Amino acid sequence: MRDPRYDILFEPMAIGPLTAKNRFYQVPHCNGGGYRDPSAAAAMRATKAEGGWGVIFTEQTEMHHSSEITPFIELRLWEDKDIPSIAKMAAAMKTHGALAGIQLAYSGINGPNMYTKEVPLAPSALPIRTFTNDPVQARAMDKTDIKNLRRWFVNAAKRSKLAGFDLICLYGAHGFGIFQHFLSRATNQRSDEYGGSLENRSRFAREVLADLRDAVGDTMALTLRVSLDETIGQLGFSNAEVRDFIAMNAELPDLWDLAMGTWEDCSGPSRFKEEAAQEAWVTGIRDLSPRPVVGVGRFTSPDVMARMIKQGRLDFIGCARPSIADPFLPRKIDEGRIDDIRECIGCNICVTGDMTQGMGRCTQNPTWMEEWRRGWHPEKIAAKGESQSVLIIGSGPAGLEAARAAALRGYDVAVAEALETYGGRVARERQLPGLSAWGRVADYRLYQLGQRSNVQMYPGSRLSAEEVLAFGFEHICVATGSTWRADGVARQHVVPMAIHPQMPVFTPDDLMAGRIPSGRVVVFDDDHYYMGGVLAELCAQKGCDVTLVTPSAFVSDWTANTLEQSQIHRRLAGLGVAIRLNTGIAAVQAGGVETSCTYTDARGLIECDAVVLVTSRTSDDSVFLDLMARQGDWADAGIRSVKVIGDAAAPAPIAWATHAGHRYARDLDAPDLGDALPFRREVTQIED
């Protein structure tokens with residue numbers, strides 16, 4: 001059933017002493033679980049093994065207690081007591097013939113050691129580089145420290161082998177790993193045999209690889225992950241030096257793992273990075289070494305994947321985010337089910353699990369990180385319960401996912417949409433600058449619903465409570481979304497702000513409907529996710545003179561968690577948008593906005609012709625409230641349940657909506673859990 005154009009993706013490929021069953025390579029990626037939720041992480045990786053991946057890696061694993069990155073939650077392999085939890089993961093990863101890999105990380109200049117309180121060690125004495133600018137500096141390693149670090153890597157490798165892993169990835173990319181710190185002149189300012197020339201800066205990597213080959217290399221494959229370019233100019237480790245390093249050490253690892261610059265550079269969202277965005281940086285590197293090469297690029301198209309192999313760019317297709325959005329991507333390509341792939345939309349909501357120390361989420365795949373906690377499988381779902389019919393009111397991301405999952409269970413599903421087009425907020429937001437890929441959220445679900453005979457779709461059907469009661473559906477799911485407020489209520493103003501009636505005021509809904517302001521426009525962002533920055537960009541593209549005002553210290557503050565905050569700022573600055581940080585709006589006047597300093601309340605004035613308020617949203621829950629008010633009529637109407645989900649319950653990012661829709665469908669006809677915890681968790685063992 002597989003299209004022969006993709007046969008090359010399923011060829012076995014040697015990695016040192018091992019052979020991967022195909023060229024699908026899940027590169028290391030975080031998940032928000034780490035050492036806190038090892039069973040959840042293990043089950044997540046096991047699902048990928050079932051989905052057909054040939055190589056599966058853990059996230060970065062802290063290999064020694066002298067370098068850790070609290071508050072971020074990764075795996076730990078500090079002592080033998082850590083082996084059982086990661087051994088469970090290795091075993092899960094190998095259940096369907098995949099090779100199990102562990103990424104060993106010593107964070108060096110990126111390890112503030114807030115938990116262990118150890119003095120950080122790095123090639124040179126420099127301030128710690130973290131997302132939170134911790135006021136800590138690293139001590140330069142002396143020869144004894146380097147010797148110790150080499151031994152610690154050997155100890156971690158031996159523990160990895162005992163745990164059952166097949167491959168070890170040594171982390172030297174994204175600025176996070178000690179190998180990059182030695183290779184880069186930005187972080188290696190030594191004058192001994194470990195500094196200066198590229199050959200000297202390569203010494204540490206050569207020594208550790210030799211140590212590990214002696215310790216475990218007869219049965220394990222050793223890979224080295226390096227940055228393609230640090231993108232910091234002449235001082236940094238450039239793409240030219242990467243090529244010199246690989247040519248100089250052509251057979252050093254069993255595989256070269258190539259990743260771009262910083263994490264933000266490598267895993268940029270679709271708004272800023274196209275599929276295969278790193279192709280130019282990897283082209284030609286495969287010719288420098290006889291070892292295989294893996295690279296990344298948010299690959300979602302099997303055509304692009306096959307081309308990268310056929311043209312000699314890569315030997316393995318590296319995926320992190322696409323493997324999250326659809327763990328069964330390889331199997332679906334193998335089975336000729338291309339249209340069934342849940343394509344990654346590049347929103348980077350998956351990254352926020354790590355950045356917020358929460359639990360990983362995926363907009364496209366609501367089962368991610370719920371495989372063990374809730375028993376959710378991305379491709380399998382329990383048959384329906386005793387009832388038969390479900391009415392979904394609203395076709396946004398929550399409604400479409402609820403309909404898809406309920407139909408898959410076997411319920412008769414009807415979807416009533418008030419507008420003539422399906423997709424809700426996704427249908428509107430996909431038209432905004434850079435967000436076209438987000439339309440895949442609706443496209444995937446509409447395609448799946450179109451394949452099922454037990455689903456009926458009704459566009460242009462705005463329903464009242466009276467009509468719902470007359471239909472005879474057993475379950476009513478209200479997923480009617482939300483609207484943006486025009487009164488400024490959000491964080492700065494918890495009650496409506498003073499707005500002069502002569503000043504034109506727009507909301508995101510207005511702009512998405514095509515009503516664009518003109519002239520001098522102030523965009524006030526008290527939402528702090530992507531919308532304020534996107535609308536400022538839209539207005540600038542339409543010729544407006546734009547000033548973005550935000551009470552935060554950063555443009556689109558929360559997008560630091562999706563690795564795009566700096567890119568948003570650069571984009572807006574490049575478009576000529578004036579940016580006013582740490583500034584609120586005290587009042588909207590007839591000729592402009594009265595500003596207020598976040599810290600001092602000092603007042604100012606920005607003259608403008610229109611104001612765009614990106615503040616908060618109001619749930620469109622009137623149908624739900626009307627139905628709840630008529631609960632006494634439910635029995636006669638045959639209604640068993642009425643529930644409100646998604647933005648209609650509480651506005652949030654799209655991933656929250658798809659999760660809510662999926663959970664709704666899973667919970668249909670399920671017993672009431674009462675006060676019981678609705679998911680499993682692991683509790684820290686109490687030591688004597």
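A few notes on this one:
- Of residues in the stretch 303-339 being in a loop (DSSP other than H, G, I, E, B), farther than 29 Å from Asn249 by Cα and charged (D, E, K, R), the one nearest to the chain's Cα centre (by Cα): Asp326
- Picking from residues in the stretch 465-488 that are over 26 Å from Asp667 (Cβ atoms) and of a type in the set (Gly, Ala, Ser), the one that is surrounded by the fewest Cβ atoms within 10 Å (Cβ to Cβ) is Ala486.
- Residues of the stretch 438-479 classified as touching a Pro at 6+ places or on another chain (Cβ under 9 Å) and more than 29 Å from Gly632 (Cα to Cα), total: 3
- Residue in the stretch 671-685 that is among the hydroxyl-bearing types (Ser, Thr, Tyr), closer than 18 Å to Val413 by Cβ and outside the structural domain of Ile324 (by TED's automatic domain parsing) present: no
- Every residue from the stretch 140-171 that is under 26 Å from Ser191 (Cα atoms) and not in a helix (DSSP H, G or I): Ala140, Met141, Asp142, Leu170, Tyr171
- Counting the residues of the stretch 70-86 that are buried (at least 18 other Cβ atoms within 10 Å of the Cβ) and of a type outside the set (D, E, K, R) gives 7.
- Selection status of Val226, modelled with pLDDT of 95 or more, crowded, with 19+ Cβ neighbours inside 10 Å and not in a helix (DSSP H, G or I): yes
- Failed item in (1) under 26 Å from the mean Cα position of the chain (by Cα); (2) under 30 Å from Asp211 (Cα atoms), with Thr300 passing the rest: (2)
- Inspection of the stretch 642-658 finds a residue satisfying the criterion of being of a type in the set (Lys, Arg) and either over 30 Å from Val505 (Cα atoms) or not assigned by TED's automatic domain parsing to the domain that holds Gln502 (or both).
- Near pairs, Cβ below 7 angstrom, 6+ apart or cross-chain, from the stretch 154-170 (farther than 10 Å from Met63 by Cβ) to any residue that is among the acidic types (Asp, Glu) and buried (at least 24 other Cβ atoms within 10 Å of the Cβ): Cys169/Asp257
- Evaluating Phe165 against the criteria (1) within 15 Å of Glu207 (Cβ to Cβ); (2) aromatic (Phe, Trp, Tyr); (3) under 30 Å from the mean Cα position of the chain (by Cα) leaves one unmet condition, (1).
- For the stretch 657-664, the count of residues that are surrounded by 15 or more Cβ atoms within 10 Å (Cβ to Cβ), part of a helix (DSSP H, G or I), aliphatic (A, V, I, L, M) and touching a helix residue (DSSP H, G or I) at 6+ places or on another chain (Cβ under 9 Å) is nonzero.
- Count of residues meeting criterion [out of contact with any Gly (no Cβ under 6 Å at 6 or more places or on another chain) and at positive phi] in the stretch 549-591: 3
- Residues that are assigned to a loop (DSSP other than H, G, I, E, B) and out of contact with any Lys or Arg (no Cβ under 8 Å at 6 or more places or on another chain), drawn from the stretch 11-26: Gly16, Pro17, Lys21, Asn22, Arg23
- Here Ala91, Ala100 are screened, and the one residue that is assigned to a strand (DSSP E or B) and within 26 Å of the chain's Cα centre (by Cα) is Ala100.
- Residue match in the stretch 360-371 (condition: surrounded by fewer than 18 Cβ atoms within 10 Å (Cβ to Cβ), in contact (Cβ under 8 Å) with a residue 24 or more places away in the chain and under 18 Å from Glu401 (Cβ atoms)): no
- Selection status of Thr618, among the hydroxyl-bearing types (Ser, Thr, Tyr) and without any contact (Cβ under 8 Å) to a residue 12 or more places away in the chain: no
- Wholly enclosed helices (runs of 4 or more DSSP H) of the stretch 531-641 bearing at least 3 residues over 24 Å from Val505 (Cα atoms) and more than 30 Å from the chain's Cα centre (by Cα): 622-629, 634-637
- Residue in the stretch 230-249 that is surrounded by the most Cβ atoms within 10 Å (Cβ to Cβ), counting only those that are in a loop (DSSP other than H, G, I, E, B) and on the phi < 0 side of the Ramachandran plot: Phe237
- Arg286 vs. criteria in a helix (DSSP H, G or I), at pLDDT 95 or above and closer than 30 Å to Asp3 by Cβ: yes
- Pairing residues of the stretch 308-321 that are acidic (Asp, Glu) with residues that are at pLDDT 95 or above and surrounded by fewer than 24 Cβ atoms within 10 Å (Cβ to Cβ), at Cβ distances under 9 Å and at least 6 apart in sequence or on separate chains, gives Asp315/Met13; Asp315/Arg286; Asp315/Arg291; Asp315/Pro292; Asp315/Val293; Asp315/Ile309.
- Of the residues making up the stretch 135-160, just one is surrounded by fewer than 15 Cβ atoms within 10 Å (Cβ to Cβ), over 16 Å from Glu68 (Cβ atoms) and of a type in the set (Val, Ile, Thr), namely Thr144.
- Those strands (runs of 3 or more DSSP E) of the stretch 416-526 in which 3 or more residues are at negative phi, touching a residue at least 12 places away in the same chain (Cβ under 8 Å) and among the β-branched types (Val, Ile, Thr) occupy 520-525.
- Yes/no for Ala586 being over 30 Å from Arg440 (Cα atoms), surrounded by 16 or more Cβ atoms within 10 Å (Cβ to Cβ) and touching a Lys or Arg at 6+ places or on another chain (Cβ under 8 Å): yes
- Among the residues making up the stretch 62-105, those that are of a type in the set (Val, Ile, Thr) and out of contact with any Pro (no Cβ under 9 Å at 6 or more places or on another chain) are Ile73, Ile83, Thr95.
The values are calculated or read from the model by the stated rules, or taken from the named source; none is laboratory data. None of these values were measured; they are calculated from a predicted model. Ideal geometry is used to build each Cβ from the backbone, glycine not excepted, and the neighbour counts take in all protein chains shown.
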